[in-house]
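Let me begin by presenting the structure, written as C-alpha cells, before commenting on it.
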Amino acid sequence: GDLVGLLVERSIEMIVGILGILKSGAAYLPIDVTYPNERIDYLLEDGKVALLLTQSEYLLGLSHYDGSLFALDEELEGLATPTDNPPRVNKPTDLAYVIYTSGTTGRPKGVMVEHTSVVNYITWANGYYFSSGQSSTLFTSLSFDLTITNLFATLFRGDILRVLSPTDLSVTIEEVFRHSGVVKLTPSHLQLLSSLGLSETAVEVVIVGGEVLSKGQVKELELLNDQLQIYNEYGPTEATVGSSVCKVMSDAEQITIGRPIGNTVIYVVDDWLNQQPIGVVGEILIGGTGLARGYLHQEDLTEEKFIRNPFGEGRLYKTGDLGYWNGEGALEYLGRKDDQVKLRGYRIELGEIERVLLEYAGVSQAVVLLQEGLDDEKQIVGYYVKGGDMDEGLLRDHLQAWLPAYMIPGVLVALEHLPLTPNGKIDKQSLPGIDQLERDQSYVSPATDTERQLVEIWEQVLGREEIGVEDNFFELGGHSLKAVQLVSRVQQQLGVDMELRDVFTYFTVRSLADQLERAQAAGRQAHYEAIVPVSYQDYYLVSHGQRR
Ligand code: AMP
C-alpha cells in the first residue's frame, strides 16, 4: 500500500520498476522526467513518497530529496534474472498506482487507482479489442492513464511490448505505425499522420481516446489500411482509462463515445441528479469497477466528485463532461461543464495555470483561455494585470518552474484591466484573440548565419514563409508538438544542444539564436547523434546511450 515514486525515462528499467513495485505490494507514482523541479518536488511531497526509483543520471538533481533513492540502472547491473516468481501479496482493493492530473487549486491532484479497476479494464480490453500475438509499443508518458492500455494489455497477454525512448514525435508515430500490431493513442497523435506520407502499416487495431475524434482523422487512418479496426474510447483517469467505447464504422454519420465497457454503468443527469431522457443533454456520471478510490489526501474533493449512487449500488464519479444518449443507445459527447480543456491530448485545468500566474509577485489578476489562432491551431493564452512592481522578464521562468511545457501559455498578454460584463464578472469573450493581438508588424530579416538557419527551420516546422526574426513562434501557430519538432531539427541541423523548455523562453528567432550562440560558446555540444536513430529490438529497448 505504500506509494513508491518512479522517475525514469521510458526504458527497460521503467518496466522492471513498475513490476517490482507492484509485486512488492506497493503502488507506483509515475513522475515524468521532463517535469520542472518544483512540480517533481510537489509530487514527492504530496505523495509522501519515502522511496523513489530512478536512474543514475537523475540522482544529482534529487540530492535534496530526503527519502530513499534507488538507481535502477546501477542496482540492476549484473543482477541475474530471478527464476522464481515472488508470492502474490496484493488484494484486489490494494492501490496499483496514483496518477496526478491537473487541478484547479493550482496544484495537480493524485487519482488513486486500485488493482481491481486496472484488471477490469485490461481484461475487458484484451477480450474486446485485442487478440494474442499482437505486439504494441510503449511511447507515451507513464503519467497519463492512456499509457495503461499499451503497457498492461500487452504484458497481460504475454505479447511483445516495444519500449520507445523519447524522440521527435513524428518519428515516434511513424515507428509505431510501422511496427505495432495494435496501438492506443490520442486524436492529436493521428494529426501527425498526414505529414508522414505512410502508405502502409503493420497496425490492425487502433484505439483512439482522450479527446474528440474527428471524421477526418478516421479517414486518414482508413487511407492507411481500409481493414483497420478503429475504436473511439472515452473515459477519465478517475474511472481507469476507458469507460465506454464505440467501434467506428466508416459510413457512420456521427462518431459517438458508444456504450459502457464491462462492469461499468453510465448515467446522464441534470443538476438535480435526475436522469435525462434520450436526446437531452446532461452531465455524464460513471460507476462500476473502474472507479478510483478517490483523490490522494483530499477527502472533501473526493466526496464532491465521487457521490453515492442514487440509482443503485456503489458510487458514481461526476465527470464534468456533457453528453446525451442518442436514439440507438449510444452516448454522444458534447464537451465540458467547466474550464477543463484538452490540448493535444493533455488534460489541463486552465484554473491551475491562472493560480500559478497569480502566485507571481506583481500579478494582481489573471485569466487563461484556450484560443484558436492562425491556421485554427489552439494556443493557451495567459492574460494578466499588473498590481505593482513586477519583473516581467522572470514571469516565464516562474511558469516554467511549476508547469510542464504543455501547460505554459504560448502567448502572455499584459492588460491595463480585464474587461467586465455588466454584472461585474470577467468578460472572457471580450479579451483580445490571438489574431487581434498586435504582432510585430515590421518584418525583420535574419542578420547572422544562425538566424538564417533558424528561420529556415521555423519555416519548415510552421509551414509558413517570410518569418521575421522578431516574430513569436506561438503567435505564428507554433505549439508544443511543433516545439518538439523544432528542437529536434535544431539539434540535427545546427548540432547544438537545446531543451524543449528553451522554446518557451526564447520564442523569437533572434532570442533563440542569441541563446544558442551563447550555449555553443560555453561548449554545450549536442548529444543529438545519440538521440536520433531509432531502432527496435523485440523485447529489448531503445536507449539513446548518452541521455541528456
Ligand atoms: P483523462 O483523465 O486525461 O483521460 O481525460 C479525461 C477527459 O478527456 C474526459 O473527461 C473527457 O472530457 C475527455 N475525453 C476522454 N476520452 C474522450 C473521447 N473519446 N472523446 C471526447 N472526449 C474525451
Place a +1 charge on the Cβ of each Lys and Arg in region 285-325 and a -1 charge on the Cβ of each Asp and Glu, then give the dipole magnitude about the Cα centre in debye, rounded to the nearest 20. 120
311, 474 arranged by Cβ crowding within 10 Å, fewest neighbours leading: 311, 474
Kindly state, to the nearest 0.05, the FRET efficiency for residue 198 paired with residue 155, given R0 = 30 Å and r defined as their beta-carbon distance. 0.65
Which one of 218, 140, 280 is farthest out on the positive end of the charge dipole of the chain, using unit charges on Cβ (Lys, Arg +1; Asp, Glu -1) and the Cα centre as origin? 280
Which one, 323, 365, 406, projects farthest toward the positive side of the charge dipole computed for region 318-449 from Cβ point charges (K/R +1, D/E -1)? 323
Using alpha carbon centroids, what distance separates region 242-262 and region 181-231, in Å? 15
Which of the GluC sites (Glu not before Pro) found in region 1-109 are in a DSSP loop and have at most 13 neighbouring Cβ atoms, other than their own, within 10 Å? 77
Full-extension gain between residue 41 and residue 390, please, as 0.36 nm times their residue separation minus the C-alpha to C-alpha distance. 123.0 nm
Output the peptides 260-268, 194-202 sorted from most to least packed, where packing is the average of other Cβ atoms within 10 Å over each peptide's residues. 260-268, 194-202
If you take all C-alpha pairs in region 161-259, what percent of them are over 21 Å apart? 31
Using only helices, what value at 222 nm comes out for the chain when you add -39,500 (n - 2.57) per DSSP H run of length 4 or more and divide by the total residues, to the nearest 500 deg cm²/dmol? -7500 deg cm²/dmol
Answer in debye to the nearest 20: the dipole magnitude of region 183-313 about its Cα centre, from +1 Lys/Arg and -1 Asp/Glu charges placed on Cβ, is 220
Got a sec? How would 164, 185, 322 order by Cβ neighbour count within 10 Å, fewest to most? 322, 164, 185
Rounded to the nearest 0.05, what FRET efficiency do residue 226 and residue 104 give with R0 = 41 Å and r taken as the Cβ-Cβ distance? Could you check? 0.40
About the Cα centre, charge dipole magnitude for the chain (Lys/Arg +1, Asp/Glu -1 at Cβ), debye: 1280
Give me the Kirkwood hydrodynamic radius of region 30-164, using the inverse of the mean 1/r over all pairs of distinct Cα atoms, in Å to one decimal. 17.2
Gyration tensor over alpha-carbon atoms, the chain, equivalent ellipsoid semi-axes in Å: 35, 30, 25
What order do you get for 428, 109, 378 when you list them from fewest to most C-beta neighbours inside 10 Å? 428, 378, 109
Projected label distance in nm at residue 253 and residue 80, using a 7 Å step from Cα toward the beta-carbon: 6.7
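Taken together, the values in this text are just the output of simple stated rules run on the coordinates, not laboratory data. Keep in mind it's a predicted model, so treat the numbers as computed, not measured. Glycine gets a Cβ as well: all are built from the backbone with ideal geometry, and neighbour counts include every protein chain shown.
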